[in-house]
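Asks: Handing you a structure now.
The values are calculated or read from the model by the stated rules, or taken from the named source; none is laboratory data. What you see is a predicted model; the values in this text were computed from it and never measured. Methodologically, a virtual Cβ is constructed for each residue, glycine included, from the backbone with ideal geometry; neighbour enumeration extends over all protein chains shown. Heads up: the accessible areas ignore ligands, DNA and RNA and are worked out on the full protein's heavy atoms, side chains in. Shrake-Rupley method; radii C 1.70, N 1.55, O 1.52, S 1.80 Å.
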Amino acid sequence: ILSNSDIDKNSIVLDAGSGCGILSINLAKFVKRVYSYEINKNFLEISKYNAKLFNVDNIIFKNKDIYKGISEKNLDLITLDLKEPERAIEHCYQALKTSGYLTCYLPHISQVQNLVKNKRNFKLIKVLESIERPWVVDDLRLRPENMILGHTGFLVILQKSNV
């Protein structure tokens, strides 16, 4: 996300579907402010707890459904970890500054396809697959592990067009 957007220490970002808050916490280390939307109150409390645990204080947590709207405007970046991010596309477009970025994490390629079909006035920058493959490294071996318990995920990076 950092290497595919132009966010910096002055950026304001929104992370929706924040779950346990780890992405919000990591983004907060690089930007001025993070707004974290989570509709599940239990997850929201876990996110707040984790932010305190990591001594991060520039996150504003909200028990809010992004599908119903975004209060903040002129955002530099919005990250979505949602089942149907295309449902929030118009709200994201209205909330982002000109040339702002929208990144969506999706576990299924069919979700990627659906998002790209419904991207409206966003320009598709790229789609990345993220998969972790552990290696065995010792005196006799230098190879991938034989048994891999893997999970793949996709990151879709979009940019607000000047339409």
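Asks: So which residues in the stretch 126-147 are in contact with a Phe, Trp or Tyr (Cβ under 8 Å, 6 or more places away or on another chain) and under 30 Å from A88 (Cβ atoms)?
Replies: Of the stretch 126-147, the ones in contact with a Phe, Trp or Tyr (Cβ under 8 Å, 6 or more places away or on another chain) are 127-130, 142-145.
Answer for the stretch 126-147, where residues must be in contact with a Phe, Trp or Tyr (Cβ under 8 Å, 6 or more places away or on another chain) and under 30 Å from A88 (Cβ atoms): V127, L128, E129, S130.
Asks: Tell me which strands (runs of 3 or more DSSP E) are completely within the stretch 10-107 and hold 3 or more residues being farther than 21 Å from I157 by Cα, or say none if there are none.
Replies: 59-62
Asks: Same structure, new question: Name the residues in the stretch 100-113 that are surrounded by 13 or more Cβ atoms within 10 Å (Cβ to Cβ) and either aliphatic (A, V, I, L, M) or under 19 Å from S161 (Cα atoms) (or both), would you?
Replies: Passing the criteria: G100, Y101, L102, T103, C104, L106, V112.
Asks: Which members of the stretch 76-94 meet the condition of being under 15 Å from the mean Cα position of the chain (by Cα) and surrounded by fewer than 23 Cβ atoms within 10 Å (Cβ to Cβ)?
Replies: Of the residues in the stretch 76-94, the ones under 15 Å from the mean Cα position of the chain (by Cα) are 76-86, 88-89, 92.
D76, D81, L82, K83, E84, E86, I89, listed by residue number.
Asks: Scan the stretch 122-155 for residues that are touching a Pro at 6+ places or on another chain (Cβ under 6 Å) and either in contact (Cβ under 8 Å) with a residue 24 or more places away in the chain or charged (D, E, K, R) (or both) and report the count.
Replies: Summing the residues that are touching a Pro at 6+ places or on another chain (Cβ under 6 Å) and either in contact (Cβ under 8 Å) with a residue 24 or more places away in the chain or charged (D, E, K, R) (or both) in the stretch 122-155 gives 3.
Asks: Scan I78, I46, I70, I39 and give me the residue that is over 26 Å from V112 (Cβ atoms), of a type outside the set (S, T, N, Q) and modelled with pLDDT of 95 or more.
Replies: Working: I78 fails: over 26 Å from V112 (Cβ atoms); I70 fails: over 26 Å from V112 (Cβ atoms); I39 fails: over 26 Å from V112 (Cβ atoms).
When all the criteria are applied, what remains is I46.
Asks: If you don't mind, another one. What are the residues in the stretch 122-163 that are open to solvent by 100 Å² or more (accessible area, probe 1.4 Å), more than 14 Å from C104 (Cα to Cα) and not in a loop (DSSP other than H, G, I, E, B), if any?
Replies: The answer is W135, V137, L142.
Asks: Check E145 against each of (1) under 16 Å from the mean Cα position of the chain (by Cα); (2) more than 20 Å from S24 (Cβ to Cβ) and name the one condition it does not meet.
Replies: (1)
Asks: Looking at the stretch 103-120, can you tell me whether even one residue there is within 20 Å of I22 (Cα to Cα), among the charged types (D, E, K, R) and out of contact with any strand residue (DSSP E or B) (no Cβ under 9 Å at 6 or more places or on another chain)?
Replies: Within the stretch 103-120, not a single residue is within 20 Å of I22 (Cα to Cα), among the charged types (D, E, K, R) and out of contact with any strand residue (DSSP E or B) (no Cβ under 9 Å at 6 or more places or on another chain).
Asks: So, one more: Based on what the data block shows, is L23 open to solvent by 40 Å² or more (accessible area, probe 1.4 Å), modelled with pLDDT of 95 or more and either under 26 Å from K123 (Cα atoms) or among the basic types (K, R) (or both)?
Replies: For L23, the condition - open to solvent by 40 Å² or more (accessible area, probe 1.4 Å), modelled with pLDDT of 95 or more and either under 26 Å from K123 (Cα atoms) or among the basic types (K, R) (or both) - is met.
Asks: Does N63 meet the test of being closer than 22 Å to S161 by Cβ, open to solvent by 60 Å² or more (accessible area, probe 1.4 Å) and modelled with pLDDT of 95 or more?
Replies: no
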